[in-house]
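Beneath this line is the structure, given in structure tokens, with notes to follow.
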Protein chains: 2
Amino acid sequence: MTFTLEIHSATTIAHPNIALIKYWGNRDDTLNLPANGSISFNLAALEARTNVTFNLDFPADQLVINQEPAGGLALARVSAMLDLVRAMAKLNVHALVESTLNFPIGTGIASSAAGFAALALAASRAAGLDLNDKKLSCLARRGSGSACRSIPGGFVEWLPGISDETSYAVSFAAPDHWDLVDVIVVLQNQPKKTGSREGHTIAFTSPLQEARVADAPRRLQACRDAIRWKDFGALAEIIELDSNMMHAVMMTSSPPLQYWEAGSIALMQAVPGWRSEGLQVAYTLDAGPNVHLICARKDAEMVREKVLEVSTPVDIIVSGIGGPARIVRSV
Amino acid sequence: MTFTLEIHSATTIAHPNIALIKYWGNRDDTLNLPANGSISFNLAALEARTNVTFNLDFPADQLVINQEPAGGLALARVSAMLDLVRAMAKLNVHALVESTLNFPIGTGIASSAAGFAALALAASRAAGLDLNDKKLSCLARRGSGSACRSIPGGFVEWLPGISDETSYAVSFAAPDHWDLVDVIVVLQNQPKKTGSREGHTIAFTSPLQEARVADAPRRLQACRDAIRWKDFGALAEIIELDSNMMHAVMMTSSPPLQYWEAGSIALMQAVPGWRSEGLQVAYTLDAGPNVHLICARKDAEMVREKVLEVSTPVDIIVSGIGGPARIVRSV
């Protein structure tokens, strides 16, 4: 075959996202069709910057993360996404994927979401494809389910769908609709023992997962309404419940997954008290011990001070709401 | 009426119990008919010692707990049980109830279970009644659901029943059937914010409670089998799951109840690792932050040492398996 790519290299940026209504467990583990819909926003301050270059001279796909060559499962997952792109573009060329993240990997701050959203956009563009947002979101989902939510910007809902083409995320409010920030209390920056991907596959071993999924439409509606009307009290109630429901399923699956640590509980215990003192703040935890404190921007500094009174984080990252995945360079 | 009691004073001892399969939520809040069956053993080292004296000269029921006069809700609950006894005995005399506990009250170590079991036995005996174990267990249940499990000894199952007469606890293995102890890590000896009684009434506001209840027969069977065959691995798996399932419901009810504290999580995180090092130990938590480490007696000292490595308890209480509620004096 002849190498006829017009564009063969592209660099993209995508943000991780924090789920307000969580994704946990698949209807289909191969396609990452989720058991329930979810809602999130992108984290503007955090990003994965990814360059993909297709080159006929490459003997195999190569992956470099934060300047370090990566192999094993990480490379295999990247190659699997490149295969999807190559199939769409009818291309048979290996690629070099270079990704840089400005935040810790594998600790429950959605590094794989940011990484696969950036990769889906960079790989498709470098392969000469011009996919619309829906197709990009579907493609990102194949790499890591929640990556589909990092394609659109602002407040995002992942429509669970029933097939590869019907399971994607859409924006339902712009980043500036509501001036919220995520105060991320990093309690642990070492990779977690059980990754989200493995966790999803055992979600239905919990006797509670079916009930969690059945109740999801109600929680999605409550969250959508809270965002639409900027009702912080309602938002706090539903996102804390939803976070607790996901962790309830995790800790009752087989084997059980206990992502919380002592500092996580100390913060979860404290937050409702801060709220009753007038701060607009609520907690949510992804598949890791780090605590995401969703709060009004005006309260972020006070929240940060209060965090230090009850826990000893290794870092605190404050992020506003981010835009969509985007191309920064393509040649 | 004439005061014709032959016996008008009785002193009893009853132990609190630790549930291995938990009771949380009622089918009937007035009768304390539980949503699901439960399994427990009594804690030999802990006891409530209660004296009940009926006297025509008393103008009202009086309650003294640990040498301090008690009124309010505590007295109202005691009087309600005395009313049940008076109705059975066709008696119209007030009583003085004096109770002494050798462990902290209202912190999730089942003080009300021990107290109401001791009271049911003392009050009925002082009133001249000679109730069999089944009737005593039903009576104790009216005071505090789990008190019915403190009437029989050894390993006990509360048969949930469908009516006042069919909901009671029975012993299915003697105290010496299996030499287990409960290493109680007391992290907090202040009364909890939300008592179990109030918690039971909101259990079904959790979207997960129905699933928890529906799965209970399976967990009861697994626990019974583990005890019958003294299979510690199986016991550990089912009791940790069941504890997590109860707390999952608590933390997703409306309002949410988060009984865990930082020290609770630190211990829950550590226990599976200790087990993989060969110790026979498993955790379970009642409606409070204190962690009950069920373990083989031979491992109790090592467990105590390990506890001090990961937490700073205010006390550690070690208790073997106790016998039934008993009369120590009646005149």
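The values are calculated or read from the model by the stated rules, or taken from the named source; none is laboratory data. Source: prediction; values computed, not measured. In this analysis, Cβ positions are derived from the backbone assuming ideal geometry, glycine residues included, and neighbour counts consider all displayed protein chains. Quick note on the areas: whole protein, heavy atoms, side chains included, nothing else; ligands and nucleic acids left out. Shrake-Rupley method; radii C 1.70, N 1.55, O 1.52, S 1.80 Å.
At-a-glance table
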| quantity | calculated |
| --- | --- |
| Which numbered condition B:Glu261 fails, given (1) at the interface with chain A (Cβ under 10 Å from one of its Cβ atoms); (2) of a type in the set (D, E, K, R); (3) open to solvent by less than 40 Å² (accessible area, probe 1.4 Å) | (3) |
| Index of the failed condition, A:Ser196 passing every other in (1) over 13 Å from A:Ile109 (Cβ atoms); (2) within 13 Å of the chain's Cα centre (by Cα) | (1) |
| Test: residue in the range B:186-197 that is assigned to a loop (DSSP other than H, G, I, E, B) and free of Cβ contacts under 8 Å to residues at least 40 places away in the same chain | yes |
| Selection from the range B:151-175 of residues that are among the β-branched types (Val, Ile, Thr), open to solvent by less than 50 Å² (accessible area, probe 1.4 Å) and part of a loop (DSSP other than H, G, I, E, B) | B:Ile151 |
| Filtered residue count, the range B:56-113, keeping only those that are hydrophobic (A, V, I, L, M, F, W, C), over 23 Å from the mean Cα position of the chain (by Cα) and more than 23 Å from B:Arg149 (Cβ to Cβ) | 9 |
| Residues of the range A:225-256 satisfying the condition of being surrounded by 22 or more Cβ atoms within 10 Å (Cβ to Cβ) and closer than 18 Å to B:Glu240 by Cα | A:Asn244, A:Met245, A:Met246, A:His247, A:Ala248, A:Val249, A:Met250, A:Met251, A:Thr252, A:Ser253 |
| Evaluation of B:Trp260 against (1) over 17 Å from B:Asp182 (Cβ atoms); (2) in a strand (DSSP E or B); (3) under 22 Å from the mean Cα position of the chain (by Cα) (one fails), failing number | (2) |
| Extreme residue, most open to solvent (accessible area, probe 1.4 Å), among residues of the range B:311-326 that are more than 15 Å from B:Leu180 (Cβ to Cβ) and not small (Gly, Ala, Ser) | B:Thr312 |
| Candidate set from the range A:287-312 (those that are of a type outside the set (A, V, I, L, M) and in a helix (DSSP H, G or I)); member that is farthest from A:Leu187 (Cα to Cα) | A:Lys298 |
| Qualifying residue in the range B:279-286 (condition: modelled with pLDDT of 95 or more, away from every other protein chain (no Cβ under 14 Å) and either assigned to a helix (DSSP H, G or I) or open to solvent by 10 Å² or more (accessible area, probe 1.4 Å) (or both)) | yes |
| Which numbered condition B:Ser196 misses (of (1) closer than 25 Å to B:Arg77 by Cα; (2) crowded, with 22+ Cβ neighbours inside 10 Å; (3) in contact with an Asp or Glu (Cβ under 9 Å, 6 or more places away or on another chain); (4) at pLDDT 95 or above) | (4) |
| In the range B:184-193, the residues that are surrounded by fewer than 23 Cβ atoms within 10 Å (Cβ to Cβ) and β-branched (Val, Ile, Thr) | B:Val186 |
| Filter result for A:Pro324 (part of a loop (DSSP other than H, G, I, E, B) and modelled with pLDDT under 95) | no |
| Cβ-Cβ under 6 Å pairs, at least 6 apart or on other chains, the range A:34-59 side more than 21 Å from A:Thr12 (Cα to Cα), far side of a type in the set (Ser, Thr, Tyr) | A:Pro34/A:Tyr23; A:Ser38/A:Tyr23 |
| Residue in the range A:208-224 that is farthest from the other protein chains (Cβ to nearest Cβ), counting only those that are open to solvent by 40 Å² or more (accessible area, probe 1.4 Å) and farther than 14 Å from B:Thr252 by Cβ | A:Arg224 |
| In the range B:178-207, the residues that are basic (Lys, Arg) and either within 11 Å of chain A (Cβ to nearest Cβ) or under 17 Å from B:Asn32 (Cα atoms) (or both) | B:Lys193, B:Arg197 |
| Pick from the range A:264-278, criterion within 11 Å of B:Ile265 (Cβ to Cβ) and open to solvent by less than 10 Å² (accessible area, probe 1.4 Å), ranking: nearest to the other protein chains (Cβ to nearest Cβ) | A:Ile265 |
| Subset of the range B:116-150 (residues that are hydrophobic (A, V, I, L, M, F, W, C) and in a loop (DSSP other than H, G, I, E, B)) | B:Ala127, B:Leu129, B:Leu131 |
| Residue within the range A:234-250 that is within 14 Å of chain B (Cβ to nearest Cβ), in a loop (DSSP other than H, G, I, E, B), under 26 Å from B:Ser311 (Cα atoms) and free of Cβ contacts under 8 Å to residues at least 24 places away in the same chain present | no |
| Selected residue (only one of A:Leu63, A:Leu73 is among the aliphatic types (A, V, I, L, M) and either closer than 30 Å to A:Ala282 by Cα or modelled with pLDDT of 95 or more (or both)) | A:Leu63 |
| Condition check for B:Val303: at pLDDT 95 or above, within 11 Å of another protein chain (Cβ to nearest Cβ) and either over 25 Å from B:Val318 (Cβ atoms) or touching a strand residue (DSSP E or B) at 6+ places or on another chain (Cβ under 8 Å) (or both) | no |
| Strands (runs of 3 or more DSSP E) contained entirely in the range B:1-82, each with at least 1 residues that are under 30 Å from B:Val249 (Cβ atoms) and of a type in the set (Asp, Glu) | B:26-28 |
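Residue-wise test of (1) without any contact (Cβ under 8 Å) to a residue 60 or more places away in the chain; (2) among the small types (Gly, Ala, Ser); (3) closer than 30 Å to A:Glu240 by Cα.
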position: B:Gly263; (1), (2), (3): no, yes, yes
position: B:Pro272; (1), (2), (3): yes, no, yes
position: B:Ala282; (1), (2), (3): yes, yes, yes
position: B:Arg297; (1), (2), (3): no, no, no
position: B:Val303; (1), (2), (3): no, no, no
position: B:Glu309; (1), (2), (3): yes, no, no
position: B:Pro324; (1), (2), (3): no, no, no
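Yes/no matrix, rows are residues, columns are (1) farther than 27 Å from A:Trp24 by Cα; (2) buried (at least 17 other Cβ atoms within 10 Å of the Cβ); (3) not assigned by TED's automatic domain parsing to the domain that holds A:Asn26:
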| residue | (1), (2), (3) |
| --- | --- |
| A:Leu43 | no, yes, no |
| A:Val64 | yes, no, no |
| A:Glu68 | yes, no, no |
| A:Leu73 | no, no, no |
| A:Met81 | no, yes, no |
| A:Ala114 | no, yes, no |
